[in-house]
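Taking it in order: structure first as structure tokens, then the write-up.
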Amino acid sequence: MASVCSNNAVIVNATALDSSGALSILRQFAANIPADGTKWIVFVSPIVNISCDKTNVRIEKIEGVKGLVKRFVWDAHGLNKWIKAHDITPSACISLQNTGFRTGDKSTKHFIYFHNPLPFTEHRWNPFKRQERSLWFYKYVYPLFVKLFLNNQTRVYVQLDYIKQGFIDRFHHTPNEIKVFTPDVQLNTSLKPDITLASDSINLFYPATPLFYKNHRVIAEAVNRCPSKVKFHTTLSECNLNCSNTVHLGLLQPAEVQWMYRHCDALVFPSYIETFGLPLIEAAMTGMPILAADLPYAREVLAGYEGARFIPYNKPDSWKEAILSLEKGKRYTPIDLSSRPGWKDLFHDIINNI
């Protein structure tokens, strides 16, 4: 842990980012903090294994903030109490977890990195159904917490234009205070995992968690309807997809996932709720054919990539048709991300607005 000895620092709240894509955001943010004269204090969960060797960055692990109520208490009172007890004067306040937080000085510039698409989805959820309860909460109740610490001067960062428009429509926020930045994508080609792909089959790959809106079943149904040999490789452990041609790989390391991008015949991505869909851009960087849900997030992420085909997310026969049209071993020109603003641009924007 680096030591920050100034009583003036940028405060970063990230105590809820401890797994999956949220943790990736935290790691990318910490890795890209400029090593300059600005002091940073980053509050994280105690279960997160993260470090930073920059002398201007301090990683502070905070106990007892897991869960909705404890998180709210920390955001509303605990963080401000901590900085006062340590005689810290925030030069800026940044939340990486969608909702802002309270500090004593209302004139301090606040920034929010917003990466939750659920308030903007058209899907309706039932709070009395167990698997839909949390989605209902994030669509209908969570926006109240977003509004609580939001004002017209809060700077909001999002990953895609469709999230920006959703934020404007839902929260009536100032459009000029919402900026779009693309997450980092780094490819690792050094690993050869212990995975065997059938040479006489079309090998499909879908790296996704077992949430029902990731929509694995539509691919399983499509594969069942294919007359030719198709293998559907998932990062799920065993589950009831009723598809004999499903290969359950279980959790893979990032380098193993990237090996699959380079050796499978297509990425399938039928998820109907996504903030960004990082596998889409990772696969496109390898020139891999991609069959994606015909939804705004996928079309925006893959804009300009000739290897993408967009399929109605809930039509198994349309997925079947697209799968049968794949050519084994086909590759395309990798997507060009050079013109998309990323972390360097985001930090430049922060420093210019402090």
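The values are calculated or read from the model by the stated rules, or taken from the named source; none is laboratory data. Fair warning: this is a prediction, and the values are worked out from it, not measured in the lab. All Cβ positions, even for glycine, are placed from backbone atoms using ideal geometry, and neighbour counts span all protein chains on display. In case anyone asks, the SASA skips ligands and DNA or RNA and just uses the protein heavy atoms, side chains included. Shrake-Rupley method; radii C 1.70, N 1.55, O 1.52, S 1.80 Å.
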For the structure I just gave you, tell me whether VAL10 is more than 24 Å from GLN186 (Cα to Cα), more than 18 Å from the chain's Cα centre (by Cα), of a type in the set (A, V, I, L, M) and open to solvent by 10 Å² or more (accessible area, probe 1.4 Å).
no
Hits in region 162-216 - residues which are in contact with an Asp or Glu (Cβ under 6 Å, 6 or more places away or on another chain) and modelled with pLDDT under 90
VAL185, PRO193
Would you call ALA255 assigned to a helix (DSSP H, G or I), touching a Ser or Thr at 6+ places or on another chain (Cβ under 9 Å) and over 30 Å from TYR113 (Cβ atoms)?
no
Could you pull out every one of the helices (runs of 4 or more DSSP H) wholly within region 258-341 that has 1 or more residues that are acidic (Asp, Glu) and either within 18 Å of VAL230 (Cα to Cα) or at pLDDT below 95 (or both)?
278-284, 316-324
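Is there a residue being assigned to a helix (DSSP H, G or I), surrounded by 14 or more Cβ atoms within 10 Å (Cβ to Cβ) and of a type in the set (S, T, N, Q) anywhere in region 123-142?
Here is the first cut: in region 123-142, the ones assigned to a helix (DSSP H, G or I) are 130-140, 142.
Pick out the ones that are also surrounded by 14 or more Cβ atoms within 10 Å (Cβ to Cβ) and you get 132, 134-140, 142.
Restricting the remaining residues to those that are of a type in the set (S, T, N, Q) gives 134.
Checking region 123-142: at least one residue is assigned to a helix (DSSP H, G or I), surrounded by 14 or more Cβ atoms within 10 Å (Cβ to Cβ) and of a type in the set (S, T, N, Q).
When the residues of region 205-229 are filtered to those that are assigned to a loop (DSSP other than H, G, I, E, B) and polar (S, T, N, Q), which remaining residue is farthest from the chain's Cα centre (by Cα)? So that I can check it myself, show each step before the final result.
Going residue by residue through region 205-229, those that are assigned to a loop (DSSP other than H, G, I, E, B) are 207-211, 215, 225-229.
Next, from what is left, pick out any that are polar (S, T, N, Q): 209, 215, 228.
On the way: THR209: 12, ASN215: 17, SER228: 35 Å.
For region 205-229, the residue satisfying everything is SER228.
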Among the residues of region 52-75, how many are without any contact (Cβ under 8 Å) to a residue 40 or more places away in the chain, among the aliphatic types (A, V, I, L, M) and surrounded by 14 or more Cβ atoms within 10 Å (Cβ to Cβ)?
1
Just name the residue that is most open to solvent (accessible area, probe 1.4 Å) out of those in region 172-189 that are over 29 Å from MET288 (Cα atoms) and part of a loop (DSSP other than H, G, I, E, B).
HIS172
Considering residues that are assigned to a loop (DSSP other than H, G, I, E, B) and surrounded by 15 or more Cβ atoms within 10 Å (Cβ to Cβ), the number found within region 111-122 is 5
Is one or more of the residues making up region 245-266 touching a His at 6+ places or on another chain (Cβ under 8 Å), of a type in the set (A, V, I, L, M), over 28 Å from LEU135 (Cα atoms) and in contact (Cβ under 8 Å) with a residue 40 or more places away in the chain?
yes
Odd one out for PHE232 among (1) more than 30 Å from ARG133 (Cα to Cα); (2) without any contact (Cβ under 8 Å) to a residue 60 or more places away in the chain; (3) not in a helix (DSSP H, G or I)
(1)
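Need a quick list: helices (runs of 4 or more DSSP H) entirely within region 1-110 having at least 2 residues that are more than 21 Å from LEU148 (Cα to Cα).
Working: elements: 20-32, 68-73, 79-85.
Answer list for region 1-110: 20-32, 79-85.
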Kindly evaluate GLY250 against the criterion of being modelled with pLDDT of 95 or more and on the phi > 0 side of the Ramachandran plot.
no
Taking only pairs six or more apart or across chains, which ones have beta-carbon atoms under 8 Å, a first residue in region 274-289 that is of a type in the set (Phe, Trp, Tyr), and a second residue that is in a helix (DSSP H, G or I)?
PHE276/GLY21; PHE276/TYR297; PHE276/VAL301
